[in-house]
Amino acid sequence: MELMKPIYQLYEWHISRKLNPEGMPKHIAIIMDGNRRYSKIQGNINVIKGHEIGVDTLEKVLDWSIDLGIEIVTAYAFSTENFNRPQKEVEGLMNLFVKNFKRIVEHEKIHKNEVKVKVVGKLELLPENVREAIDEAEESTKHYTKKLFNLAIGYDGRLEIIDAIKKIVKEIESGKISEDDIDEDLVNKNLYTAGLEDPNLIIRTSGEERLSGFLLWQSSYSELYFCDSLWPELRKIDFLRAMRSYQERERRFGI
């Protein structure tokens, strides 16, 4: 692998120089798939170790995004269905969330680049210590406006839409609005991602080609990019290829 490093660096430079800084997506969303498979392929690696390496990859992606001028990154970290995984794995993931949200409070790069951190999903499903760590991270970055990093935890796109409908029904029943007031803007305001611009590009790793319930409403006109690399193995080359693919497309809003 070390022998290939200069070649990869040359290839990174080759792709980077052809990217148009003005044509970068403003908002990218990422389905970080492949941590568990990576652990299995490595043999004796504990599954939580695979997730830990995945956290390192996410930090790299944030760095690359900042360098490329991408303003918003939204990552799918944990779905509501993931609660059905083995208890030991779920507990390990929750501990990992606590550890890394607490790191954000003093994270040099986060504060240097003024990255606002926001968590979206059914947070009431999370253990209290995880919610407390999330509050600390969000509080420490709430005044930043330059960059935005969203993490979807306890998230499900269908439940998000259902919850938005319930909120709207309550407003109608209370007389605050009427049925005629229901439009796309009202739905957007009642989603977990209220106030967030829709993603221009959604990237999924591990070779799977589906959204798995991620940002179902918000992804209506998003470009999709599927990468074969497992998430812990994602290289800068893979990320730059996604940006190149995005810039080569002619975006259409409709059929």
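The values are calculated or read from the model by the stated rules, or taken from the named source; none is laboratory data. This one's a predicted model, so the numbers in the text were calculated from it and none came from an experiment. Positions of Cβ are backbone-derived with ideal geometry, glycine not excepted, and every protein chain shown enters the neighbour counts. Quick note on the areas: whole protein, heavy atoms, side chains included, nothing else; ligands and nucleic acids left out. Shrake-Rupley method; radii C 1.70, N 1.55, O 1.52, S 1.80 Å.
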### Summary
Looks like the range 1-55, by Cα gyration tensor root eigenvalues a ≥ b ≥ c and the a/c under 1.5 rounded cutoff (else prolate when a/b is bigger than b/c, oblate otherwise), is oblate
### Task
Would you mind checking the tilt of helix 157-173 against the longest principal axis of the Cα atoms of the chain, expressed as 0 to 90 degrees and rounded to 10?
20
### Query
Where in the range 153-173 is the amide nitrogen less than 12 Å from a point lying 7 Å along the Cα-to-Cβ axis of residue 83?
154-156
### Message
How tilted is helix 128-141 with respect to the longest principal axis of the chain? Cα atoms for both, answer in degrees (0 to 90, nearest 10).
### Response
80
## Note on the structure
Total charge of the residues flanking residue 177 in space, meaning their Cβ is under 13 Å from its Cβ, with Lys and Arg +1 and Asp and Glu -1, is -3
### Query
Pick from 56, 180, 198: which is most flexible by mean-square fluctuation in a GNM of the chain where alpha carbon atoms under 10 Å apart are linked?
180
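Given R₀ = 25 Å, what would the calculated FRET efficiency be for residue 221 paired with residue 22, taking r from the Cβ atoms and rounding to 0.05?
Working: r = 20 Å, r/R0 = 0.79.
For residue 221 and residue 22, the calculated efficiency is 0.80.
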### Message
In whole Å, what are the extents of the range 21-99 along the principal axes defined by its C-alpha atoms, from largest to smallest?
### Response
45, 27, 21
### Query
Label-point separation (nm) for residue 181 and residue 132, each offset 7 Å from Cα along Cα-to-Cβ?
3.9
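If you wrap the range 112-255's Cα atoms in a convex hull and average its projection over all directions, what's the area in nm²?
On the way: hull surface 46.5 nm².
Averaged projected hull area, Cα only: 11.6 nm².
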### Summary
Per its Cα gyration tensor (rounded if a/c is under 1.5, else prolate when a/b beats b/c, else oblate), the range 90-144 is best filed as prolate
### Task
Quick one: work out Rg over Rh on the C-alpha atoms of the range 61-153, Rh as Kirkwood radius.
0.98
### Summary
Once normalised by the length of the range 1-133, the mean sequence separation of its alpha carbon contacts under 8 Å that are 6 or more apart gives a contact order in percent of 24
### Query
Short version: what are the Cα gyration tensor semi-axes of the chain, square root of 5 times each eigenvalue, largest first, in whole Å?
30, 24, 18
#### Entry: Percent of alpha-carbon pairs separated by more than 20 Å within the range 118-201
45
#### Entry: For a label point 7 Å along the Cα-to-beta-carbon line of residue 142, residues of the range 92-135 with backbone N under 17 Å
102, 104-106, 115-120, 131-135
### Query
How would you classify the range 216-255 from its alpha-carbon gyration tensor, with a ≥ b ≥ c the square roots of the eigenvalues: rounded for a/c under 1.5, else prolate if a/b is greater than b/c, otherwise oblate?
oblate
### Probe 1.4 Å - accessible area at residue 60, Å² to nearest ten
110
### Message
Let's test the formula: R0 of 25 Å, r as the Cβ-Cβ distance of residue 189 and residue 212. What FRET efficiency results, to the nearest 0.05?
### Response
0.50
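In deg cm²/dmol, rounded to 500, what helix-only [θ] at 222 nm does the chain give when every DSSP H run of at least 4 residues adds -39500 (n - 2.57) and the total is split over its residues? Intermediate values should be presented prior to the final figure.
On the way: 9 runs with 117 residues, N = 255.
Value at 222 nm, helices only, nearest 500: -14500 deg cm²/dmol.
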### Task
Find the centroid of the Cα atoms in the range 110-184 and in the range 6-70, then give the distance between the two in whole Å.
25
